[in-house]
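Only one structure is covered here, and it is reproduced in the block below.
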Amino acid sequence: MDSRIILPLDHVQWDQARDIMRRTEGLVWGYKIRRSVLDRGLTVIPDIKRHGRVMLDFKLYDIPSAMTESLTLHLTAGADITTVHCTSGYDPVAQGLPKDHIAGVTILTSMGREDFRRHYRGESPQQMVAQMAAAAVSRYAYLVCSATDLESIQALDIKKICPGIRPSWYREDDDQQRTATPADAIRQGADLLVIGRPLLGAADIAGAVERTNTEIAQAMSTG
């Protein structure tokens, strides 16, 4: 199945993560991972890839040599996508790495307008993301941003990954500030959707994934 869903297992212990992957294999694009690697090392990536693709999400921010060292390890281990902060200014091609599997992270979806004003100088998150995205096109294959920031960057030749996605049937409040439904994100140009709490908190995870895949498919078919 050609799903657009990345299922985040960042905070899930390995035994539980493995059970979730078995139940959702073939229903999602792949899995966003952090804790499993911290607990077990990068050698866990081939185990995960038996079930789907891997987005390794450490959002690296360091001097170029340190980032190159970490990214080389991630890519050699088999990560399909690995993340860096756009504000690091890191240019993988200049450091001898391909950009194909690297995603630049813009502004976290947990950051509201007041947080943004405290930490950034731009007029709005949308304006700042547009600036970051313009610089990211030549550096990274993917851009991570809120779906609410997509309008001004739709035409850019970079794949957009959107966290903070909440299916239309989900009614719970959480710490994400800039959220969107799968349909809204797809219509604004998102390529991949990171959907965590609504799916992982469901009594039937596989059923919730299938329901959300249907919601995405309907949005794609109607444009």
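Please find, within region 69-95, the residue that is surrounded by the fewest Cβ atoms within 10 Å (Cβ to Cβ) out of those that are among the β-branched types (Val, Ile, Thr) and out of contact with any strand residue (DSSP E or B) (no Cβ under 9 Å at 6 or more places or on another chain).
Step one: of region 69-95, the residues among the β-branched types (Val, Ile, Thr) are 72, 76, 81-84, 87, 93.
Subset that is out of contact with any strand residue (DSSP E or B) (no Cβ under 9 Å at 6 or more places or on another chain): 72, 76, 93.
Details: 72: 14, 76: 10, 93: 12.
Within region 69-95, the match that is surrounded by the fewest Cβ atoms within 10 Å (Cβ to Cβ) is 76.
In a loop (DSSP other than H, G, I, E, B) and either on the phi > 0 side of the Ramachandran plot or surrounded by fewer than 20 Cβ atoms within 10 Å (Cβ to Cβ) (or both), is that true of residue 98? Taking the combined requirement at face value, the residue satisfies it. Per the conditions (1) closer than 26 Å to residue 91 by Cβ; (2) surrounded by 15 or more Cβ atoms within 10 Å (Cβ to Cβ); (3) of a type in the set (S, T, N, Q), the sole criterion not satisfied by residue 65 is (2).
Taking each residue of region 88-108 that is closer than 13 Å to residue 158 by Cα and looking for partners that are part of a loop (DSSP other than H, G, I, E, B) and among the aliphatic types (A, V, I, L, M) with beta-carbon atoms closer than 7 Å, six or more apart or interchain, yields 99/141; 100/141; 101/79; 101/141; 102/141.
Yes/no matrix, rows are residues, columns are (1) modelled with pLDDT of 95 or more; (2) farther than 26 Å from residue 135 by Cβ; (3) aliphatic (A, V, I, L, M); (4) in contact with a Pro (Cβ under 9 Å, 6 or more places away or on another chain):
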position: 20; (1), (2), (3), (4): yes, yes, yes, no
position: 24; (1), (2), (3), (4): yes, yes, no, no
position: 33; (1), (2), (3), (4): yes, yes, yes, yes
position: 49; (1), (2), (3), (4): yes, yes, no, no
position: 68; (1), (2), (3), (4): yes, no, no, yes
position: 71; (1), (2), (3), (4): yes, no, yes, yes
position: 79; (1), (2), (3), (4): yes, no, yes, no
position: 92; (1), (2), (3), (4): yes, no, no, yes
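Can you go through 28, 37 and tell me which one is under 17 Å from the mean Cα position of the chain (by Cα), among the aliphatic types (A, V, I, L, M) and modelled with pLDDT under 95? Outline the logic, then answer.
Details: 28 fails: modelled with pLDDT under 95.
One residue alone meets the criteria, 37.
With the condition kept exactly as written, say whether any residue in region 110-128 is modelled with pLDDT of 95 or more and among the acidic types (Asp, Glu).
Going through region 110-128, the residues modelled with pLDDT of 95 or more turn out to be none.
No, region 110-128 has no match at all.
Residues in region 136-152 that are outside any loop (DSSP other than H, G, I, E, B) and at pLDDT 95 or above: 136, 142, 143, 144.
The values are calculated or read from the model by the stated rules, or taken from the named source; none is laboratory data. Since the structure is predicted, the reported quantities are computational estimates derived from the model, not experimental observations. No Cβ is skipped: glycine too gets one built from the backbone with ideal geometry, and neighbour counts run over all protein chains shown.
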